[in-house]
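Everything below concerns the one structure shown next.
The values are calculated or read from the model by the stated rules, or taken from the named source; none is laboratory data. Everything numeric in this text was worked out from a predicted model, so none of it was measured. Glycine gets a Cβ as well: all are built from the backbone with ideal geometry, and neighbour counts include every protein chain shown. Surface accessibility is based on the protein's heavy atoms, side chains included, excluding ligands, DNA and RNA. Shrake-Rupley method; radii C 1.70, N 1.55, O 1.52, S 1.80 Å.
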Amino acid sequence: MSVPTQEVTATSRHYVDRLFDPDPQKVLQGVIDMKNAVIGNNKQKANLIVLGAVPRLLYLLQQSSSSLELRTECAVVLGSLAMGTENNIKSLVDCHIIPALLQGLLCPDLIFIEACLRCLRTVFVSPVTPVQLLYTDPTVIPHLMSLLSRSQRTQEYITQIFSHCCKTPEHQTVLFNHGAIQNIAPLLTSPSYKVRMQALKCFSVLAYENTQVSMTLVNVLVDGELLSQVFVRMMQRDQPIEMQLTAAKCLTYMCRAGAIRTDDSCIVLKTLPCLVRMCSKEHLLEERVEGAETLAYLMEPDIELQRIASTTDHLVAMLADYFKYPSSVSAITDIKRLDHDLKHAHELRQAAFKLYASLGSNDEDIRKKVIPTVHSASQQVVHKAETS
């Protein structure tokens, strides 16, 4: 949706005009002033995009005659414009920002590379960006792998790009064939939490329903320790919830792909209890959805895991709680909280039903335990629908 012309202020026009000044020093100052003007100001970002700032910034970024400082500041401003609305991202992608920034990564200067990667990360994590754009040029993935060793920032941005752009078995194969596992595994022991977390997310998307990747992961050593044991450590209660959940997903996917036995202690004693823990009501609604869905996927084909799960931490009763959202409107004074609860109520119920189905798929005794809870939960849903 374009911004009405009357809203395009004279100030915004002035910022764009300065990008065309014949004096390079004035252009640089213009870009720096633009950077300061757009921080946290979505209206200003939209105005500058409408006025054609993006093609000019990309031109300056790609010119070898531009100073390194100017090129870096252009990448920073483009990254800031990308942090606006989805429409902003669409405009940037339409202006071919991705090939321009990928080309920029060939420059040896680390500060400039990091600015380009930060902007690429922001563009690629948006749902409106076609992830296929990362794979168009076959030289891009190997070059990104080679940049992983440059700094913690390059590690964080590149692994985040990979985890968001790995959507199909073909993407998994491309990343696997270009050494994703051996290049990303050492990052799991990085001193930076963000790097460790993004590396972990990469492994979860690489291993999902992929036997080749999972079979390789099971033999990988990180500082002399098996990767599965690194994942087990990341599931400990003292780790952030996001890390526990993602590590549990990695082991779940490796198990479902046949790389880890379902009776392995890392599944029975670590992964399954961790996922059951994620279903308890002390966790955020979205964490409970993810925990329940992953647990359902883990035990779906295995009767023994279903039996263990059904007797762990009152799981069956715990799931009944998934049908209590949203709370009655009168009890919620916080509108944002109500909005959040409403949004996740459907996902919670769906996750609970998936888990019930998985629990009771093979064993009559478990089914007998589950059916009364499901029946009562269904009645709650019907009652809510009728009274709302």
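Annotation: of all residues in the range 332-361 being at pLDDT 75 or above and among the basic types (Lys, Arg), the one that is surrounded by the fewest Cβ atoms within 10 Å (Cβ to Cβ) is LYS354.
Scanning the range 16-28 for residues that are part of a helix (DSSP H, G or I) and open to solvent by less than 40 Å² (accessible area, probe 1.4 Å) gives VAL16, VAL27, LEU28. Just the residues that are closer than 16 Å to LYS201 by Cβ and either among the β-branched types (Val, Ile, Thr) or open to solvent by 10 Å² or more (accessible area, probe 1.4 Å) (or both), please, taken from the range 236-258. Result: GLN239, PRO240, ILE241, GLU242, THR246, LYS249, THR252, TYR253.
As a summary of the residue check, GLY84 satisfies the conditions (1) under 23 Å from HIS164 (Cβ atoms); (2) part of a helix (DSSP H, G or I) except for the one numbered (2). PRO108 meets each of the listed conditions (1) open to solvent by 90 Å² or more (accessible area, probe 1.4 Å); (2) more than 23 Å from TYR157 (Cβ to Cβ); (3) assigned to a loop (DSSP other than H, G, I, E, B) apart from (2).
Taking the stated definitions as given, is ILE181 open to solvent by less than 10 Å² (accessible area, probe 1.4 Å) and either of a type in the set (D, E, K, R) or out of contact with any strand residue (DSSP E or B) (no Cβ under 6 Å at 6 or more places or on another chain) (or both)? Answer is yes for this residue. You will find that of THR136, THR129, THR154, the residue that is β-branched (Val, Ile, Thr) and under 19 Å from SER80 (Cβ atoms) is THR129 and no other. Considering only residues in the range 259-291 that are out of contact with any helix residue (DSSP H, G or I) (no Cβ under 6 Å at 6 or more places or on another chain) and basic (Lys, Arg), the one that is most open to solvent (accessible area, probe 1.4 Å) turns out to be ARG261. The residue pairs whose first member lies in the range 88-105 and is over 27 Å from GLY40 (Cβ atoms) and open to solvent by 30 Å² or more (accessible area, probe 1.4 Å), whose second member is of a type in the set (Ser, Thr, Tyr) and not in a helix (DSSP H, G or I), and whose beta carbons are closer than 9 Å, counting only pairs six or more residues apart or on different chains, are PRO99/THR136.
Could you list, in sequence order, all residues of the range 209-227 that are open to solvent by 80 Å² or more (accessible area, probe 1.4 Å) and in a loop (DSSP other than H, G, I, E, B)?
The first filter runs over the range 209-227 and keeps only residues open to solvent by 80 Å² or more (accessible area, probe 1.4 Å), leaving 209, 212, 215, 219, 221, 223.
Once the filter is applied, which keeps residues that are open to solvent by 80 Å² or more (accessible area, probe 1.4 Å) and in a loop (DSSP other than H, G, I, E, B), the range 209-227 yields GLU209, ASN219, ASP223.
Taking the range 41-78 as the range and being open to solvent by 40 Å² or more (accessible area, probe 1.4 Å) and either at positive phi or among the hydrophobic types (A, V, I, L, M, F, W, C) (or both) as the test, the residues that pass are VAL50, LEU51, LEU68, VAL76.
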